[in-house]
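Have a look at the structure below, then the notes.
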Amino acid sequence: MNNDLITNKNWWQRHKRWFVPTLGIVCLVIGLLISSGLGAIGSDVTRAYTDPALYEDALTQVKLHPEVTKLLGTIAPIDKFAILEGQIQYTNDDQTVNSTVRINGSKGKAKLDISADRVQNEWNYKTIRVRIVSPTEHNQTIEVLQKK
């Protein structure tokens, strides 16, 4: 009979072979995300989530446009997934925004393009444009607001 003492290795001794390389890869990926600018895209989406007035005010103007309501019908409020799926770009120290989000109506679907400047915590819209996507026979672009 062998009476040798069996020593149990602690967690670190058992797992350091895979833990150290995994930690290195995670740090590398985080560094690449930060340096590539993808972090800025995420922060733009976050800002858009926290500023619902940007989309609500534009959508109010869209709902008042007779040609848009004729083609799309009753327009639903913009949901959070529409903002996430869309494109958002803040510039000029977060005082200018260019954004595209989807909007849904009872008769069709469209894309809402917004270009706006923030002046004294209120959005001044330069462009509000609706691009009808479906039904396809009504594909067109409607300028709701165009300031020179």
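Just so it is clear, none of the values below were taken in a lab; they were calculated from the coordinates. Quantities reported herein were computed from a predicted structural model and do not represent experimental measurements. Positions of Cβ are generated from backbone atoms using ideal geometry, with glycine treated the same way; all protein chains shown enter the neighbour counts.
Tabulated results
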quantity: Spin-label pair Glu56/Leu28, simplified geometry with 7 Å Cα→Cβ offset, distance in nm; calculated: 4.7 nm
quantity: Where labels lie 7 Å past Cα in the beta-carbon direction, separation of Arg17 and Asp94 in nm; calculated: 4.8 nm
quantity: Computed E for Lys107/Thr46 - FRET, C-beta separation, R0 41 angstrom, nearest 0.05; calculated: 0.80
quantity: Estimated vicinal HN-Hα couplings, Hz - the range 85-93 in sequence order (Karplus 6.51, -1.76, 1.60; Gly, Pro = x); calculated: 6, x, 10, 9, 9, 9, 9, 6, 6
quantity: Part-to-part distance (alpha-carbon centres) for the range 75-118 and the range 1-36, which is given in Å; calculated: 44 Å
quantity: Global size of the chain as Cα Rg and Dmax, reported in angstrom; calculated: 25.2, 95
quantity: Selected from Val97, Ser115, Ser134, residue furthest toward positive end of dipole (the range 52-146; charges at beta carbon); calculated: Ser134
quantity: Farthest positive-ward along the chain dipole, Cα basis, beta-carbon charges - from Trp12, Leu59, Ser35; calculated: Trp12
quantity: Nearest-0.05 FRET efficiency for Lys126 and Thr69, computed from C-beta distance (R0 30 Å); calculated: 0.85
